[in-house]
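The values are calculated or read from the model by the stated rules, or taken from the named source; none is laboratory data. It should be emphasised that the depicted structure is a prediction, and the values quoted were computed from it without experimental measurement. So basically every Cβ, Gly included, is an ideal-geometry build from the backbone, and we count neighbours across all protein chains shown. Protein only, heavy atoms only, side chains kept; ligands, DNA and RNA dropped before computing areas. Shrake-Rupley method; radii C 1.70, N 1.55, O 1.52, S 1.80 Å.
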Amino acid sequence: MAKDLRALLGAEKVLDDGPALTAYAVDASIYRIPPQAVVLVESEDDIAATVSYAVSRGIPLTPRAAGTNLTGSAIGSGIILDVSRMNRILEVNREERWARVQPGIVLAELNKQLSSQGLLFGPDPSSGDMCKLGGMIANNSSGPHTLRYGSVKDNIQSLRTCLTSSSWIEARSYALDDPTLERLLTSVPALRDVLVLTQVHADLIAAKQPTVSKNSCGYNLFGVADGLTRGHFDLPKLFVGSEGTLGIVSEAKIMLADKPAATLTALIHFQSLEEIGEAVPQLLTLQPSALEVMDANTLNLIGRGNHSIPDNAVATLLVELDADSIEVDLREKADAMAAICRPYKLASELTLAFDASQREQLWKARKALYPTLYRFDAKKKPINFVDDVVVPAERISELIRYLEEFFGGQQVPVAIFGHIGNGNAHIVPLLDVNDAGDFRKMVQAYQEIHATVLNRFGGSICGEHGDGRVRAGFVKTMFGEELYDLFVQVKKAFDPGNILNPGIKLSEAPFTDHIDYTRLSKSCATCAKCNSVCPVYDVFQSEDMSARGWFEIVTAKDYSYLNSKRVVESCLNCKSCRTICPAGVDVSDLILQKRAEHPNRLAGWIFKRQAHGAALESLLRFLGSTQHIWDRPWLRMLLDRITAPFMKALAPTARLPHDLVLPKLAQRHLRERYSQLIPRGADAAPTRTVAYFHGCAANYFDDGVGDAVIEVLKKHGVEPALPPQRCSGTPIQTYGHVDLAREGARFNLRSLAPYETIVTGCASCTLMLKDYPTLFQEGEDRRQAEALAKKVVHLSEFVARSAEHPPMAKIHGTTKRVTYHSSCHLRAAGVTKEPRQVLSSMPGVNFVEMQDADRCAGGAGTYVVKDYDTSQKIFNRKASAIAQTGANVVATSCPACMIQLKNGLRDSVQVKHVAQLLQDAYQAAEREKS
Ligand SMILES: Cc1cc2nc3c(=O)[nH]c(=O)nc-3n(C[C@H](O)[C@H](O)[C@H](O)COP(=O)(O)OP(=O)(O)OC[C@H]3O[C@@H](n4cnc5c(N)ncnc54)[C@H](O)[C@@H]3O)c2cc1C
Ligand code: SF4
Ligand code: SF4
């Protein structure tokens with residue numbers, strides 16, 4: 001099959017190797033089905049060719065975007081058609097507020113790009129950082145702000161859709177007397193079938209229409225019927241929410257809204273569930289854009305202490321109010337909200353946030369709720385199988401009470417949260433599905449809760465997550481035989497061969513088929529949050545080249561390094577996945593463990609020379625003194641060629657690119673110049689309390705960073721010691737030499753032990769020194785490592801906390817526009833605010849935040865030589881983010897990032913370490929004084 005597909009589409013668009021199929025066997029649901037092949041489509045021709053091939057061979061075809069659905073709808077046993085590479089905004093019409101967009105764009109990216117025009121796409125699933133438009137359309141997604149913007153179905157004008165006949169239609173709303181419609185109905189008989197069927201059964205459809213405010217269960221014949229009453233055949237209503245079972249979307253014309261002029265977010269902690277029920281209708285009169293609830297169990301599970309939630313809160317409401325113009329005073333609305341809540345017993349004062357970063361903090365826990373629950377227990381995991389019910393909004397407290405009693409009876413911990421303003425509750429019990437008792441409870445809860453939602457509450461089993469595999473078997477119970485039969489007719493009309501996403505939406509199979517019992521005992525929620533920051537995924541847009549995919553690959557039973565080398569060696573060890581993972585998984589560490597089983601020999605040889613001999617240092621000095629000769633274009637070309645075979649031992653893609661701007665190698669290393677930099681020299685070192693851990697770059701490169709760090713420390717009244725030190729270990733570990741990294745760590749632990757504070761100027765050294773405890777199981781080494789971790793500070797932290805405030809002045813008397821690239825390892829070490837604080841406090845610095853400041857720049861130590869092409873592709877995003885800021889200077893906190901930034905930006909923008917900018921400002925003040 002893959003051979004055929006390669007012939008059709010080109011080799012680079014088709015995957016069928018073991019690791020790729022493993023990565024594509026999961027989405028964010030509880031299921032697992034390995035496909036036979038994956039197609040990474042890049043055009044409509046690719047889509048049509050794949051559809052035609054699948055239909056001609058009778059092979060199941062599953063469209064897929066980000067794979068974040070919770071229902072198993074983006075996995076399948078045949079071909080996976082991944083639309084991620086079709087991710088562009090094709091056109092934006094500011095005046096008419098619409099855009100034409102491809103299905104592979106991530107919602108957060110879409111809105112980031114639209115925000116420059118003051119626009120946004122309203123529906124906002126909590127997975128917005130990772131989910132993509134195609135999946136949102138197919139699931140009819142919505143989110144906290146449905147109250148204001150509606151679901152996806154309310155925001156689509158038209159869809160370009162490929163049908164199983166391989167013909168393309170423009171699925172828009174057609175007036176019934178429009179001649180184009182007649183032509184369309186003639187050329188696509190399936191459309192006429194649906195039109196007639198809806199007209200004939202209008203009464204049945206009306207009778208069965210859910211009366212709650214949201215429903216994504218079944219095909220939306222209700223929307224189609226509604227259109228017909230207004231004289232329109234409203235095709236988007238049919239295709240939105242059809243979960244890839246009727247056609248494949250290649251482009252959508254979406255409706256946009258104006259971004260609110262200001263927003264207020266509030267947290268309200270209630271002491272009584274019933275009082276929440278009373279308060280909600282009143283709060284709705286304020287026309288909130290979002291009204292969310294988290295029940296007591298949820299608050300316990302996510303940790304009240306972590307989020308300052310009072311012990312006596314039985315539930316917390318998150319309310320958001322928007323102002324459409326700056327004239328609207330949100331403080332008045334805040335007062336009105338407080339007045340509504342006054343009669344009720346609140347567990348604390350209202351928490352109000354007007355500022356964007358504070359608001360983001362309030363939302364953070366809510367948005368990451370589901371994967372965060374993975375931290376709760378090693379065996380009991382949050383299982384999505386009754387996760388999306390809808391009841392009348394005013395009865396949500398009653399529903400919560402019922403659910404708490406139900407799960408209390410089962411003795412099952414459960415998190416209940418959701419969009420209370422719409423009556424849409426997400427119910428996530430924590431179960432060990434490998435335990436027979438828990439499994440029975442799951443099946444019982446599935447039947448009973450869904451039946452209760454239908455019979456007692458008159459609700460829907462599905463508000464926004466889709467039916468997928470998990471609810472497909474209950475659709476008939478929800479709507480009854482007759483309407484279900486109409487749904488079957490709709491499916492047959494468009495897809496007589498049952499090729500498109502079989503088993504999804506309509507199925508007789510039990511929801512327990514294909515449960516991934518192995519994965520549900522692992523630590524990863526498969527939520528794909530890590531993919532949204534993984535620089536490799538950003539470039540390849542393919543699940544086998546992504547953090548989530550790598551988790552699957554390296555933890556698979558049949559994992560083998562040799563089969564998976566291609567993917568396992570592609571990770572940059574940037575740690576972005578670890579920083580962001582709500583479940584506390586460190587994918588990069590799992591990969592390092594696998595690399596440690598096959599350490600790179602050449603890298604090991606180099607690191608051993610570095611650790612134990614002066615020979616490498618002499619060589620580096622020699623190269624430094626001759627750099628003006630060998631670092632010329634034609635000689636670099638020669639070097640590129642000569643070193644190629646040698647570099648291949650590092651990685652098949654490794655080379656010393658002739659056009660890479662190399663850092664200047666020092667002729668005298670920083671350590672050798674110590675006595676010049678610190679007047680009292682090394683003699684006084686033992687009496688010092690602060691040590692400077694310079695790391696390799698500041699020692700070997702003549703980039704001014706080491707000198708600047710020492711100068712800045714001196715200005716703050718500290719003459720740092722420079723105790724003997726070895727490489728912190730990051731690159732050593734990256735190439736799989738854990739023992740060598742441990743040996744170096746032991747050396748550094750002993751050497752740094754006497755000092756109270758260890759200052760670093762390098763992001764990777766900061767993180768590695770803080771991470772030393774992970775290298776040792778227990779004993780004295782572990783104890784020393786833990787003690788060291790507490791003493792390590794990055795220079796920017798040191799300056800931000802310093803009681804000294806040395807005078808600073810504008811550098812060269814001018815004001816510069818400075819932006820900040822936040823190095824991945826410093827973010828992983830938790831240092832994000834301080835560098836920005838320091839920069840913002842400098843005179844003559846007009847600090848401007850960069851859009852993708854927190855994304856990897858692609859340098860990652862030696863990755864720039866290990867895989868130069870990928871590294872440069874990663875940098876492209878950073879380059880355009882920097883360009884957008886209009887900055888003259890990019891500041892960073894890591895010498896390794898500086899290499900990548902200098903190479904990528906050449907001379908268009910100045911690249912400086914934070915320490916260097918501080919040094920310049922102090923010197924400018926001195927010059928002014930003198
Ligand atoms: C932590 C977390 C929070 C979530 N919160 C919400 C929430 O608040 N609201 C909500 O609605 N959902 C939520 N979800 C579920 C999910 O993220 C959304 O439904 C999302 O819109 C799915 O998008 P996706 O890109 O991941 O689609 P995928 O999972 O890749 O696919 C979803 C469906 O779309 C189909 N599909 C994909 N692309 C196409 C195409 N081009 N043409 C036709 N069919 C296509 C697939 O076949 C599948 O049926 C959450 C999920 C997680 C993990
Ligand atoms: S590693 Fe973490 S962020 Fe990534 S998919 Fe798993 S749970 Fe989500
Ligand atoms: S460390 Fe970086 S490159 Fe590696 S998986 Fe994590 S995010 Fe991706």
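For this structure, a couple of remarks:
- Counted as qualifying within segment 759-821 are the helices (runs of 4 or more DSSP H) with 2 or more residues that are hydroxyl-bearing (S, T, Y) and closer than 19 Å to A891 by Cα, namely 763-771.
- Across segment 360-394, the qualifying residues are those that are in a helix (DSSP H, G or I) and touching a helix residue (DSSP H, G or I) at 6+ places or on another chain (Cβ under 8 Å), and the one among them that is most open to solvent (accessible area, probe 1.4 Å) is E394.
- Tally, over segment 510-534, of residues that are over 23 Å from D377 (Cα atoms), assigned to a loop (DSSP other than H, G, I, E, B) and either open to solvent by less than 30 Å² (accessible area, probe 1.4 Å) or within 14 Å of ligand 2 (Cβ to nearest atom) (or both): 3
- Odd one out for Q410 among (1) more than 16 Å from ligand 2 (Cβ to nearest atom); (2) open to solvent by 60 Å² or more (accessible area, probe 1.4 Å); (3) free of Cβ contacts under 8 Å to residues at least 40 places away in the same chain: (2)
- The residue that is farthest from ligand 2 (Cβ to nearest atom), counting only those in segment 148-180 that are more than 22 Å from F487 (Cα to Cα), open to solvent by less than 60 Å² (accessible area, probe 1.4 Å) and part of a helix (DSSP H, G or I), is T180.
- Residue count, segment 779-798 (criterion: over 30 Å from S880 (Cα atoms) and either touching a residue at least 60 places away in the same chain (Cβ under 8 Å) or of a type in the set (D, E, K, R) (or both)): 9
- Applying a threshold of 7 Å to beta carbon distances and a minimum spacing of six or more residues, or different chains, the list of pairs starting in segment 5-27 at a residue that is farther than 17 Å from D516 by Cα and ending at one that is of a type in the set (K, R) reads V14/R6.
- Any chance L562 is over 24 Å from A37 (Cβ atoms), in a helix (DSSP H, G or I) and more than 25 Å from the chain's Cα centre (by Cα): no
- Contact map, segment 63-84: first residue among the aromatic types (F, W, Y), second residue at pLDDT below 95 and more than 8 Å from ligand 1 (Cβ to nearest atom), Cβ cut-off under 9 Å, separation 6 or more or different chains; the map is empty.
- Any hit, segment 152-162, residues being within 7 Å of ligand 1 (Cβ to nearest atom) and either under 17 Å from the mean Cα position of the chain (by Cα) or within 19 Å of A66 (Cα to Cα) (or both): no
- Filter result (open to solvent by less than 30 Å² (accessible area, probe 1.4 Å), within 19 Å of A649 (Cβ to Cβ) and not aromatic (F, W, Y)) within segment 580-610: R595, N600, L602, A603, G604
- Conditions (1) among the aliphatic types (A, V, I, L, M); (2) open to solvent by 30 Å² or more (accessible area, probe 1.4 Å); (3) under 26 Å from the mean Cα position of the chain (by Cα): number failed by A266: (2)
- If you go through segment 546-559 and keep only what is within 16 Å of ligand 1 (Cβ to nearest atom) and outside any loop (DSSP other than H, G, I, E, B), you end up with A547, R548, G549, F551, E552.
- Segment 625-646, residues that are touching a helix residue (DSSP H, G or I) at 6+ places or on another chain (Cβ under 8 Å) and either open to solvent by 90 Å² or more (accessible area, probe 1.4 Å) or over 22 Å from L602 (Cβ atoms) (or both): I629, L635, F646
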